[in-house]
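Undergrad: Pasting in a structure now, in structure tokens, and then I'll have a few things to ask.
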Amino acid sequence: MGDNQSEMSEDEDKPSDLTTAVTTSGGRGGGEVSNKSRSIVSGGCSGDCSSLYPDQVLENVLENVLVFLTSRKDRNSASLVCKSWFRAEALTRSDLFIGNCYAVSPHRVIQRFRKVQSLVLKGKPRFADFDLVPVDWGAHFSPWVNTMSTAYPCLEKICLKRMWVTNDDLIRLASAFPAFKELVLVCCEGFGLSGLAMIADGCRQIRVFDLIECGVDNDDGVDWISYFPESGTTCLESLIFDCVELPVNFDALESLVTRSPSLKKLRLNGTVPIQELYRLMVRAPQLTHLGTGAFNPMDAAPGEEQELDLSSAFDSLKYLTCLSGFRDMVAGYLPSIQPVCANLTSLNFSYADINAEQLKPIISRCKKLQTFWVLDSVHDEGLQAVAAACKDLRELRVFPADVREESDSPVSDVGLLAISEGCRKLRSILYFCNKMTNAAVVAMSKNCPELVVFRLCIMGRHAPDHLTGEPMDEGFGAIVMNCKKLRRLAVSGLLTDKAFNYMGRYGKLVRTLSVAFAGDSDMGLTYVLQGCPELQKLEIRDSPFGDTALLSGLHHYHNMRFLWMSSCKLTLGGCKEVARRLPQVVVEVISDHSRTGPNLPPLDEKDLNQEIEKLYMYRSLEGRRNDAPEFVKIL
């Protein structure tokens, strides 16, 4: 399950400044703003203000106004007014968002923004989650942490997504920022347990330590949990390590939880059995978010699991609103969560292989549920139960228990139709199936017109409407026509150029589009590139789009964050033409020899008709990067 509730949103506000590479989400908190404003009114500006140049006076005033702007889009617009506004906005920017680590250099960032306290930084394109981007492609965190370590002594928060982070990076981070408080790593790799130990040992003020869908190396089994301070209360508010597949020292973990009265979020990995979960729940009744770990007794002593009163332990969690985990679950323990169901707003069963009969007693009690993730093992019957009980549902994700293309998914158009009829407040859906109809998708577009995210993944290539045999054009066309707030769309199944024509005509707010195994000709992609003015992220795989389609978007690529195309019909000549005509867009051709072996012919730059395996394009202030591996050719 590559996606996670705690992930950074894939649909960010449209960036506009620093060649649309760097954006922000605001300045300081309200208390600091109020104090600073009061100091001006009461004469806090010492000296003779009349001696200042007019521009300096203006910038002083602007600094105290701009801190109230919390929208990245608004702050970017303000920075474009004039040079004074540009400088003042940079001085008040404390939260920095960089959607592509190669769009701007760390040096350029620290030259412009001097008071950054929080950084969000993204690396590899999203298709890395599906093993389409080689592991050693790049997105190294090292140049960023090395540059920031001297420039931002007050840095408190870092959130990284799909970055290559080494143990040395984590050691540098722990030693360079004395006030560091929050580290969130999402889908990152390259580090191990020893790096985690250095964060636990060196960041004594850490409040948030979240590892989400990361690959963590063993490092000789370092006992990283025991590196947290052994005595005294901690500042921990969130500890998430469910992706760490190695056992943890439970005694150290239990001691840490006991000494963390502010801990609100705790998500355990699959090595924590249910009897240890019980002990942690008893010691942390203040939890609002809980990931249960294995949810089975594992190696419990004879009779030990019978002594557990799990229902009472769950009942003691009066503030619990988000529940996840359930890895390797023993279904007989599932009823024990019933005492908390009435207060849950988020429930994640994406690792729980349960059926409809096991789901019904739980979901019928979840009247406040707004976010629900589940495996398709619940069948259409389980989704019908969700539709009957969860009238306030805003987000639904249905994942496949069997990810093979040829698998027969037990959910279909029947389940989707039930959800659309019962959950009218739905805003976001990700739905895996291998049987779908246009009628069910049209019904969803009418029943749930507030949809912002619609991702329908019909497993199996080029699957038509399973009742009529027609392409799925009308279904996806209805989504873009009737869901006026749609920002993110993923399409699949048998689609012709007609579906893409609908997207270009009606998808005026679509920012992220994912296409797999779809389309007839170059016209399909041309409709999208010429008709979707807000498009920021476009990812395409195994579709018949070639050079003509690629060149039809030349007017728009400088406004996009990235374009990814793999296993399409691109040639080297078409890619070179884009690079020639758009010098501020980096055009990477990825041969991926490191994964596919030596049978692929090397890239011959003189053969303009040579087919390209993978194309990754993105805007950048810096031009070509200097850390590209041999299998990446930058045109």
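The values are calculated or read from the model by the stated rules, or taken from the named source; none is laboratory data. This structure is a prediction, so every number in the text was calculated from the model and none was measured. All Cβ positions, glycine included, derive from the backbone under ideal geometry; neighbour counts span all protein chains shown. Just so you know, the surface numbers come from the protein's heavy atoms only, side chains and all, with ligands and any DNA or RNA stripped out. Shrake-Rupley method; radii C 1.70, N 1.55, O 1.52, S 1.80 Å.
Undergrad: In the chain, what percentage of the DSSP-assigned beta bridges are antiparallel, given to the nearest 5?
TA: Here the share of antiparallel DSSP bridges comes out near 20 percent.
Undergrad: Can you find, among 623, 319, 190, the residue sitting farthest towards the positive end of the charge dipole of the chain, where Lys and Arg contribute +1 and Asp and Glu -1 at Cβ?
TA: Of the candidates, 623 comes out farthest on the positive side.
Undergrad: Would you mind telling me the share, in percent, of accessible area of the chain contributed by carbon and sulfur at probe 1.4 angstrom?
TA: Answer for the chain is 51 percent, counting heavy atoms of protein chains only.
Undergrad: Put a dot 7 Å past each Cα toward the Cβ at residue 485 and residue 403; how far apart are the dots in nm?
TA: 3.2 nm
Undergrad: Based solely on C-alpha atoms, express the radius of gyration and the Dmax of the chain in angstrom.
TA: 25.8, 83
Undergrad: Also, I was wondering about something else. Please find the FRET efficiency linking residue 548 to residue 630, where r is the Cβ-Cβ separation and R0 is fixed at 22 Å, and quote it to the nearest 0.05.
TA: 0.15
Undergrad: Right, next: Relative contact order for the chain using alpha-carbon pairs under 8 Å, separation at least 6, rounded to a whole percent?
TA: Over the chain, the number comes to 7 percent.
Undergrad: Between residue 555 and residue 251, 0.36 nm times their residue separation minus their Cα-Cα distance comes to what?
TA: Between residue 555 and residue 251, full extension yields an extra 103.5 nm.
Undergrad: Follow-up. Given a cut-off of under 8 Å on Cα pairs at least six residues apart, what relative contact order in percent is computed for region 113-242?
TA: So the answer I get is 21 percent.
Undergrad: Counting each DSSP H run of 4 or more residues in the chain as -39500 (n - 2.57), what helix-only mean residue ellipticity at 222 nm follows after dividing by all residues, to the nearest 500 deg cm²/dmol?
TA: -8500 deg cm²/dmol
Undergrad: Amide H neighbours of residue 191 under 5 Å, at least 5 residues apart or on other chains, H built in the peptide plane: list them.
TA: 165, 217
Undergrad: Sticking with this structure for a sec: Mind listing which trypsin sites (Lys or Arg not before Pro) in region 91-120 are in a DSSP loop and have 12 or fewer other Cβ atoms within 10 Å?
TA: Counting only loop positions with at most 12 other Cβ atoms within 10 Å, the trypsin sites (Lys or Arg not before Pro) in region 91-120 are 114.
Undergrad: Here is a further query. Among 409, 523, 419, whose Cα sits farthest toward the positive end of the charge dipole of the chain (+1 at Cβ of Lys/Arg, -1 at Cβ of Asp/Glu, about the Cα centre)?
TA: Result: 523.
Undergrad: Which whole-number percent of Cα pairs in region 453-492 have a distance greater than 11 Å?
TA: Of all Cα-Cα distances in region 453-492, 67 percent exceed 11 Å.
Undergrad: Along Cα→Cβ, 7 Å out, is where each label goes; now give me the distance between the ones at residue 262 and residue 149 in nm to one decimal.
TA: Distance between the two pseudo-spin positions: 2.7 nm.
Undergrad: Here's something else I'd like to know. Just name one of 159, 70, 116: the one whose Cα is farthest towards the positive end of the charge dipole of the chain (beta-carbon charges, Lys/Arg +1, Asp/Glu -1).
TA: Towards the positive end, the residue furthest out is 70.
Undergrad: Once you sort the root eigenvalues of the Cα gyration tensor of region 509-574 as a ≥ b ≥ c, which label holds: rounded (a/c under 1.5), prolate (a/b larger than b/c) or oblate (the other case)?
TA: Cα axes put region 509-574 in the prolate bin.
Undergrad: Got a sec? Which residues in region 553-572 would a label at residue 530 touch, if it sits 7 Å along Cα→Cβ and we count backbone N under 16 Å?
TA: Residues 553-557 qualify, since their backbone N sits under 16 Å from the label point.
Undergrad: OK, next. In terms of Cα to Cα distance under 24 Å, which lysines are near enough to residue 367, apart from those fewer than 8 places away along the same chain?
TA: 264, 265, 318, 391, 425, 446
Undergrad: Relative to the Cα centre, what is the charge dipole magnitude of the chain, using +1 at the beta carbon of each Lys and Arg, -1 at the beta carbon of each Asp and Glu, and rounding to the nearest 20 debye?
TA: 2920 debye
Undergrad: Continuing with the same structure: Extension gain residue 108-residue 439, at 0.36 nm per residue separation less the Cα-Cα distance, in nm?
TA: So the extension gain works out to 114.0 nm.
Undergrad: Quick one: the Cα spread of region 417-545 along its three principal axes, in angstroms, biggest first?
TA: Largest to smallest, the principal-axis extents are 38, 31, 18 Å.
Undergrad: In addition: Using a 7 Å offset from the Cα along the Cα-to-Cβ direction at both residue 319 and residue 282, what is the distance between the two label points in nm, to one decimal?
TA: 2.1 nm
Undergrad: Under the Karplus relation 6.51 cos²θ - 1.76 cosθ + 1.60, θ = phi - 60°, what is the ordered set of whole-Hz ³J(HN,Hα) values for region 351-360, x standing for Gly and Pro?
TA: Computed from phi, the couplings for region 351-360 are 10, 9, 7, 10, 9, 5, 5, 6, 6, 4 Hz.
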